[in-house]
Every structure is written in C-alpha cells, then in structure tokens.
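Here's the structure we're looking at; comments come further down.
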Amino acid sequence: MKDSVLRLLLDDEEILLQVFNALEGTTYKTLKGPIFSRRKNDLSFSVGPWYLSLIEHQSSLCPNIPLRMFIYLGRIYEQILDMTKTCRVSLYQIPLPRLYMLYNGTEEFPRETLLRLSDAFRQAAGLSAERMPSADLVVRAININTDKHHPLLQKCPVLKEYSQFIERIRKKLSEGRNRDLAVKDAILECI
C-alpha cells in the first residue's frame, strides 16, 4: 500500500521534479525527458541530457537494491543510448546516474547510508587492492520516516506529508484499527 501511494504521488511531474531538486540540491524548473520505466518500486527519469535518476521505494529492508539498480540502469541505458556511438574513437558522454532508495519501513535503519553493489560480490578473504572489484555502483539510501528528521523532508514538503500520512496509519493500526479504517481515518486527519 505504501509503495502504491508514493508511486501515485511521483506520477505527477511537478512533484517528481520537487523530489529531484530536493535530492540533488538543484532548482530545475522542468523535467526534460521522458519517464523511461515504471515497475513496482522502480521509477526512472531524466533531467535533460545530464542526469538519469532512479528512485526505489522500500518499506522493508532489502540488501539487493544495488544489484536491482545495476540491472535497471543497464536496461535503461540500452533503451536510450545510441549503441553505435560506443564503438567510436571519441568518448561517448552519457547521462550521470543518480540512484536513490527511499526507506520508510518499521525496521531500524540509519537516517542515511550508502549501499554498494560491491558488497554483493563474492570475495576471498585478504584480497589485495589490485584484486578488488573493478566495478561498483552506489545507491544513496535515505530513511524518510519522520522520526529520523532527514533534511530531505524539509526540502520536499510532499515527501514530508507522505511520511506523516504513513506515520498516522501506523498509529491507527497500533491502536487496533483494521487497515482500511486506519487508512480512511488517516486521510481524514491529513485533509
């Protein structure tokens, strides 16, 4: 349910741009690119030719987010890049990937952390620096629960309101209300 609500919010380009600007510290006025891919918990979009952003929402902990982002990113680059340019002598400049996970589950999770694809690589103990993985991918994981007071919530009122809404639903559930009634009551309170 939480994933569906956030995906509905981010379906609005103005709100999506507000989230992007809050994450990146930018002040873009419009998205200049199509939204490429929508899968459950996956949102990707471009801002001009410069950025390719992927946002994954999680309400449960999943250490495989970097691996999933790696796969999504490869698929998206295959769709948007002119692969003939990869064989040229000159460097083919591609959009900078910006990868985020927004977490609002109930399990303990830091306010912000970096999740790395290299953590999933099978490694032998005692690898030398020369033998370390040749590739990595880093996902910025942000806890958007209100009790973590992440600055992103102050920069992006829509995410703050979403987090407050989810917090109210949880409170109603803890008081013994069934899920449907808890959601309806939270909606009425937030209105």
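The values are calculated or read from the model by the stated rules, or taken from the named source; none is laboratory data. Computed from a predicted structure; not experimentally measured. When we count neighbours, we look across all protein chains shown, and the Cβ atoms used for this are built from the backbone with ideal geometry, even at glycine. Only protein heavy atoms, including side chains, enter the accessible area calculation; ligands, DNA and RNA are left aside. Shrake-Rupley method; radii C 1.70, N 1.55, O 1.52, S 1.80 Å.
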* Under a 5 Å amide H to amide H cut-off, with H placed in plane at 1.01 Å, what residues pair with ARG98 once short-range neighbours are removed? -> LEU52, SER53, LEU54
* Considering the dipole of the chain built from charges on the beta carbon (Lys and Arg +1, Asp and Glu -1) around the Cα centre, which of GLY48, SER174, VAL5 is farthest to its positive end? -> GLY48
* Structure fact -> With the dipole of the chain defined by +1 on each Lys or Arg Cβ and -1 on each Asp or Glu Cβ, the option from PHE20, ILE80, GLN154 whose Cα lies farthest towards the positive pole is ILE80
* Structure fact -> PRE zone check, label point 7 Å out along Cα-to-Cβ of THR106, amide N under 11 Å, scope region 150-191, hits 170-176
* Asked: When the Karplus curve 6.51 cos²θ - 1.76 cosθ + 1.60 is applied with θ = phi - 60°, which whole-Hz ³J(HN,Hα) does each residue of region 148-153 get, with x for Gly and Pro?
  -> 8, 6, 5, x, 4, 5
* **Antiparallel bridges, percent of DSSP beta bridges restricted to the chain (to nearest 5)** => 55
* Using Cα atoms only, what is the angle between the long axis of helix 157-174 and the major principal axis of the chain, expressed in degrees (0 to 90) to the nearest 10? -> 50
* Structure fact -> Taking Cα atoms, the helix 179-190 axis meets the longest principal axis of the chain at an angle in degrees (rounded to 10) of 90
* Which distance in nm do the two modelled labels at GLU175 and LEU114 give, with both placed 7 Å along the Cα-to-Cβ direction? -> 4.3
* Structure fact -> The orientation-averaged projected area of the Cα convex hull of region 47-191, in nm², is 13.1
* Who wins for biggest fluctuation among ARG140, ARG131, ARG98 in a Gaussian network model of the chain, springs between alpha carbons below 10 Å? -> ARG131
* Kindly write out, for region 104-120 in residue order, the coupling ³J(HN,Hα) from the Karplus curve 6.51 cos²θ - 1.76 cosθ + 1.60 (θ = phi - 60°), rounded to whole Hz, with x marking Gly and Pro. => 9, x, 9, 6, 5, 8, x, 4, 7, 7, 10, 9, 10, 4, 4, 5, 8
* Structure fact -> With Cα coordinates, the longest principal axis of the chain makes an angle with the long axis of helix 13-24, in degrees rounded to 10, of 70
* List the GluC sites (Glu not before Pro) in region 74-132 that DSSP assigns to loop (not H, G, I, E or B) and whose Cβ has at most 11 other Cβ atoms within 10 Å. Which are they? -> GLU107, GLU108
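Rounded to the nearest 500 deg cm²/dmol, what is the calculated helix-only ellipticity per residue at 222 nm for the chain, with -39500 (n - 2.57) per DSSP H run of length n ≥ 4?
Per the formula, -11500 deg cm²/dmol.
Give the carbon-plus-sulfur fraction of the accessible surface of the chain in %, rounded to a whole number; probe 1.4 Å, heavy atoms of protein chains only.
53
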* Asked: Roughly what % of DSSP beta bridges within region 55-147 run antiparallel, to the nearest 5?
  -> 40
* Which residue, GLN58, GLN18, GLN123, has the most motion in a Gaussian network model of the chain that connects Cα atoms within less than 10 Å? -> GLN123
* Determine which aspartates and glutamates satisfy two conditions relative to LYS184: a Cα distance under 18 Å, and not lying fewer than 8 residues away in the same chain. => ASP3, GLU161, GLU167, GLU175
* Structure fact -> accessible surface per residue for region 35-164, probe 1.4 Å, DNA/RNA/ligands not counted, whole Å² -> 58
* For region 75-91, take each phi angle, set θ = phi - 60°, evaluate the Karplus expression 6.51 cos²θ - 1.76 cosθ + 1.60, and give the result in whole Hz per residue in order, putting x for glycine and proline. => 5, 5, 4, 4, 6, 9, 8, 8, 5, 5, 6, 6, 9, 7, 6, 7, 5
* Asked: Taking the chain as a Gaussian network, Cα atoms linked when under 10 Å apart, which of ILE55, ILE15, ILE65 shows the biggest mean-square fluctuation?
  -> ILE15
